[in-house]
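Each reported figure results from applying straightforward, stated rules to the coordinates on display, with no laboratory input. Because the structure is predicted, anything quoted here is derived from the model rather than measured. Here Cβ is always computed from backbone atoms with ideal geometry, including for glycine, and neighbour counts include all displayed protein chains.
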Amino acid sequence: MTGIDHRITALLAAVFMLAQPATSEESDAARYESALAKWRVARVASLKGPDGWLNLAGLYWLKEGRNSFGAAAGNDLVAPEGSAPAKLGDFLVKDDAVTFQAAPGVEVLHGETPVTEILLADDQEKETTLLTAGSLAWTVIRRMDRLGVRLRDYDHPAVASFAGIESYAADLDWRIEARFEHYPEPRTIRVPTVVEGLGWEPTVPGTLEFEARGEPLSLEAYRSDDGFMIVFADGTTGDTTYPAGRYLKADLPADDGITVLDFNKAYNPPCVFSEYATCPLATPRNRLPVAVEAGEKYAEKP
């Protein structure tokens, strides 16, 4: 066979290989990576959206009685300079309820309706009351026995400057089936948060049992509106991932008691993006003895 024949044979072999359909395993991996990429795009869009964490401009804890609110330094709740008038209004706290009274001459809206005084539903109720004034928006939050005001600025510069989130490469080995084990009775536990003295008390119906890196592992699952929410730490915590741990969501188990823990979707808590969040921290019970090299990373800001 001549040198030309050899080259032609090699070329035909290469064309043949390229023409072969991808294996089922390769196709599954490609589909998964595509779906994960879309999830990550949606995650960033959510952070930058009107209800995201990047536009938070303040978090204020209310006291009983009158709490004045505005940009002037003499207010009880001082809004950022340049974003609000000297006085926006007052929050009145009485009998565990909060009423807002707008300052004279200031346009405060509930939807498209101007308000002078309104009783506010907090974030633990079915429909939280959202008030706006210019680019600012605020709601009342309830954390255990404390009431606070969460302030947003829809023109916050952090939204436009956000550079995205660094993540580990997709790894199907970290998409793991877990067996849900019920506790005899659901438990209520107290989880610490980034706010000193403020805890979170989720309902814990049981644990998720699974295996990773050859080790049997277990995480307590917290009940959320649409499934499970998990706060966990692992061998990457404080190194390549956030020091307080990461979050993960999972569906409720199927009839066979199995659900999926997709650690490629492990995500940073809100306090990574804003100092005005009240993030739950990972408990000692939910610290895994392995390095979960999947999901979102964290690099401390210089």
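Below, the figures for the structure above:
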| item | result |
| --- | --- |
| Difference of contour (0.36 nm per residue) and Cα-Cα distance, Val93 to Leu119 | 8.4 nm |
| Interchain or long-range residues, amide H under 5 Å from Leu252's placed H | Phe228 |
| Linear extension gain, Asp173 paired with Asp251, 0.36 nm per residue minus alpha-carbon span | 26.2 nm |
| Length gained when the stretch Glu81-Val41 is fully extended (0.36 nm per residue, less Cα-Cα span) | 11.2 nm |
| Cα Rg, Dmax (largest Cα-Cα span) when computed across the chain, Å | 25.1, 97 |
| Amide H contacts of Phe162 (H built 1.01 Å from N, under 5 Å, at least 5 apart or other chain) | none |
| Total charge dipole magnitude, the stretch 56-155, about the Cα centre, Cβ charges on Lys, Arg, Asp, Glu only, Debye to nearest 20 | 220 |
| Trypsin sites (Lys or Arg not before Pro) lying in DSSP loop within the stretch 79-147, provided at most 12 other Cβ fall within 10 Å | Lys126 |
| Acute angle (nearest 10 degrees) that the helix 24-48 long axis makes with the longest principal axis of the chain, alpha-carbon atoms | 20 |
| ³J(HN,Hα) computed for each position of the stretch 288-296 - Karplus, 6.51 cos²θ - 1.76 cosθ + 1.60, integer Hz, glycine/proline x | 7, x, 10, 8, 8, 8, 7, x, 6 |
| Helix axis angle, 3-19 relative to the chain longest principal axis, alpha carbon, degrees | 40 |
| Vicinal HN-Hα couplings computed from phi for the stretch 273-283 (Karplus, 6.51 cos²θ - 1.76 cosθ + 1.60; Hz; Gly/Pro x) | 9, 8, 7, 9, 9, 10, 5, x, 9, 5, 7 |
| Where the Cα pairs of the stretch 164-286 fall when distances are cut into 10 Å bins, in % | 12, 45, 34, 9, 0 |
| Cα-centred dipole magnitude for the chain, charges only on beta-carbon of K, R (+1) and D, E (-1), debye, nearest 20 | 560 |
| The chain - mean residue ellipticity at 222 nm from DSSP helices (-39,500 (n - 2.57) per run, n ≥ 4, rounded to 500) | -5000 deg cm²/dmol |
| Centroid-to-centroid separation of the stretch 166-205 and the stretch 216-236 [C-alpha atoms, Å] | 2 |
| Under-5 Å amide H pairs with Gly58, H placed in peptide plane, nonlocal only | Leu151 |
